[in-house]
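Encoded as structure tokens, the structure appears first; notes follow it.
The values are calculated or read from the model by the stated rules, or taken from the named source; none is laboratory data. On a predicted model such as this, the values are computed, not experimentally measured, just so you know. Don't worry about glycine lacking a Cβ; one is built from the backbone with ideal geometry, like all the others, and counts go over all protein chains shown. Surface areas here come from the heavy atoms of the whole protein model, side chains and all, with no ligands, DNA or RNA. Shrake-Rupley method; radii C 1.70, N 1.55, O 1.52, S 1.80 Å.
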Amino acid sequence: MSRLVVVSNRVAPVEEGKSQAGGLAVAIQEALKSRGGIWFGWNGDTVEQTPDAPGITQNGRITYATLGLLQRDLEEYYNGFANSTLWPLFHYRLDLAQFSGRTYAGYQRVNSLFASRLAPLLRADDLIWVHDYHLIPFAEQLRSMGLEQTMGFFLHTPWPAPEILGALPAHEALVRNLCAYDLLGFHTEVDLRCFANYIRYEAQGTVEELGAGQGLRIGAFGRSVIARAFPISIDTATLEGIARQAADTAQMRRLKESLVGRALIVGVDRLDYSKGLPQRFESFHALLDAYPANRGQVSFMQVAPPSRSDVAEYQAIRRELEALAGHINGRFAEFDWVPIRYLNKSFSRKALAGFYRHASIGLVTPLRDGMNLVAKEYVACQPPEDPGVLVLSRFAGAAKELDGALIVNPYDIRAVAENMQRGLTMPLQERRERYEAMMKVLRANDITHWRESYVEALSGVAGQA
Ligand code: ADQ
């Protein structure tokens, strides 16, 4: 069996039981564990001089090959083009996207650097699986060095509509870069359609349907590429087990004591402007305004560890949320009740599982999200005999699968408040039916299914070559 070589911006060896703030790390680790191979990328450090070869560590069947980056490379490639141009653009935030030739050049330069450092480690029959928006040009950089391996890409963010993408000065070059891959994976059919529309109407390429669930054959820029939706998921069965254990820990007893029988609404997100947190806080405010019986009776706990703190927009959203939480708490708090518990820190998987399990409502209201694994995790952690209710944004990829949730428009503050109220008062029978419907989906499409179907599709492409 050929090796799997995974390439992602950040390589973070996952230690069992340790907390982590990114869905990506868990997913990749799972993919590599079963097959063996290399995980290549940035090690999280800055260096004075770019190393000629990656540092190597071996852990079981996985070889970690990692590099430090120069401060300037990090500024231009990571904080710059990836997180100040592509991230906002792919999340429909044209107002926040910065367009700079300097950071674009840095982005291409670091992709070329990564490709040149990985190339000597590759074998002719390796399957190469590249992750996320940081590394769109990676395959083309390898191809320009004469490498012909099968290369797949998976995008963890949404793929925007052509009208949005068109605002990027380098949009055509970026899509040309993507077409150097053999397989392109997106989260949902919506992302796939947006990509196909770009190919049809902007790139004057061809799009051929390959039959149910098999995706599309794209012909553009002189290449033939398969593009398909692979909705990412969670380790459903493991998480169910963790949540059962988490129900009875000292931490959970303390949480329950602190709530003194009040209902809990929970939100868990990286602190990111795509997650709709200000609107979510406003919606909770609206709930207390419109349904005063909840005052003193319901607590909203928002867990939001800071991320990408070097980027100005992330500092701004943090300040905005501090002000909002302070304002709402100031208006409604009583001497023995605080409406919003706002926590800027990470928790272990087990602690989060306990929070989810105890919460009557899981509040997941991003303005745009590729998938959103928290939505899936919340459902998998519910006690089957008395499950809570998921209130989920229509703009999360997860909404395409989790139709047992109360689907909301996160911009509609009043409607989100009404759906929270509906969730808080929903009869047990309806909660169970909704939970069962969602668990059926999460059992059929778990992380193992996701990884296997992607790698199978990649091997399939390799077989046709
Ligand atoms: P993220 O934007 O990071 O991921 P998400 O899918 O919700 O969003 O994944 C976050 C992960 O981090 C979850 O597994 C969650 O449990 C964990 N996490 C969040 N807050 C935490 C905290 N305080 N402490 C510990 N763990 C925490 C990107 C895309 C998503 C896509 C994923 C996977 O933006 O749309 O679903 O990649 O493809």
*Is one or more of the residues making up the stretch 171-188 modelled with pLDDT of 95 or more, open to solvent by 40 Å² or more (accessible area, probe 1.4 Å) and of a type in the set (Ser, Thr, Tyr)?*
no
*Would the stretch 404-418 turn up any residue that is open to solvent by 10 Å² or more (accessible area, probe 1.4 Å), out of contact with any helix residue (DSSP H, G or I) (no Cβ under 8 Å at 6 or more places or on another chain) and either assigned by TED's automatic domain parsing to the domain that holds residue 293 or within 16 Å of the ligand (Cβ to nearest atom) (or both)?*
yes
*Quick one: residue 192 ticks every box in (1) part of a helix (DSSP H, G or I); (2) touching a strand residue (DSSP E or B) at 6+ places or on another chain (Cβ under 6 Å); (3) among the hydrophobic types (A, V, I, L, M, F, W, C); (4) away from the ligand (no atom under 16 Å from the Cβ) bar one, so which box is it?*
(4)
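Limited to the stretch 241-273, what total is found for residues that are at positive phi and either in contact (Cβ under 8 Å) with a residue 40 or more places away in the chain or among the small types (Gly, Ala, Ser) (or both)?
Summing the residues that are at positive phi and either in contact (Cβ under 8 Å) with a residue 40 or more places away in the chain or among the small types (Gly, Ala, Ser) (or both) in the stretch 241-273 gives 1.
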*Restricting the search to the stretch 75-96, which residues are over 21 Å from the mean Cα position of the chain (by Cα) and surrounded by fewer than 22 Cβ atoms within 10 Å (Cβ to Cβ)?*
75, 95
_Name the single residue that is most open to solvent (accessible area, probe 1.4 Å) among those in the stretch 310-327 being of a type in the set (Asp, Glu) and more than 16 Å from the ligand (Cβ to nearest atom)._
310
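Go through the stretch 393-403 and give me each residue that's aliphatic (A, V, I, L, M), within 12 Å of the ligand (Cβ to nearest atom) and open to solvent by less than 10 Å² (accessible area, probe 1.4 Å).
Of everything in the stretch 393-403, those that are aliphatic (A, V, I, L, M), within 12 Å of the ligand (Cβ to nearest atom) and open to solvent by less than 10 Å² (accessible area, probe 1.4 Å) turn out to be 396, 398.
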*May I ask you to say which residue of 163, 172, 189 is of a type outside the set (A, V, I, L, M) and free of Cβ contacts under 8 Å to residues at least 12 places away in the same chain?*
163
*If you take the residues of the stretch 252-281 that are touching a Phe, Trp or Tyr at 6+ places or on another chain (Cβ under 9 Å) and of a type in the set (S, T, N, Q), which of them is farthest from the ligand (Cβ to nearest atom)?*
279
*Considering the stretch 22-63 alone, what residues qualify as being at pLDDT below 80, over 20 Å from residue 142 (Cβ atoms) and either of a type in the set (A, V, I, L, M, F, W, C) or more than 16 Å from the ligand (Cβ to nearest atom) (or both)?*
24, 25, 26, 27, 33, 34
*In the stretch 370-387, which residue that is more than 16 Å from the ligand (Cβ to nearest atom) and without any contact (Cβ under 8 Å) to a residue 60 or more places away in the chain is surrounded by the fewest Cβ atoms within 10 Å (Cβ to Cβ)?*
385
*Residue satisfying condition, being aliphatic (A, V, I, L, M) and either over 30 Å from residue 96 (Cα atoms) or within 19 Å of the chain's Cα centre (by Cα) (or both), within set 343, 406, 352*: 352
*Please enumerate the residues belonging to the stretch 423-436 that are in a helix (DSSP H, G or I) and surrounded by 14 or more Cβ atoms within 10 Å (Cβ to Cβ).*
423, 424, 431, 432, 434, 435
*How many of the residues in the stretch 328-369 are away from the ligand (no atom under 16 Å from the Cβ) and either open to solvent by 50 Å² or more (accessible area, probe 1.4 Å) or among the β-branched types (Val, Ile, Thr) (or both)?*
8
*Identify the single condition in (1) under 27 Å from residue 44 (Cα atoms); (2) within 16 Å of the ligand (Cβ to nearest atom); (3) not aliphatic (A, V, I, L, M) that residue 300 does not satisfy, given that it satisfies every other one.*
(1)
*Determine the pairs where a residue that is of a type in the set (A, V, I, L, M, F, W, C), located within the stretch 196-215, has a partner that is open to solvent by 50 Å² or more (accessible area, probe 1.4 Å) with Cβ atoms under 6 Å apart, the partner being 6 or more residues away or on another chain.*
207/200; 210/217
_Give me the residue from the stretch 236-251 that is open to solvent by less than 40 Å² (accessible area, probe 1.4 Å) and under 28 Å from the mean Cα position of the chain (by Cα) and, out of that set, nearest to the ligand (Cβ to nearest atom)._
239
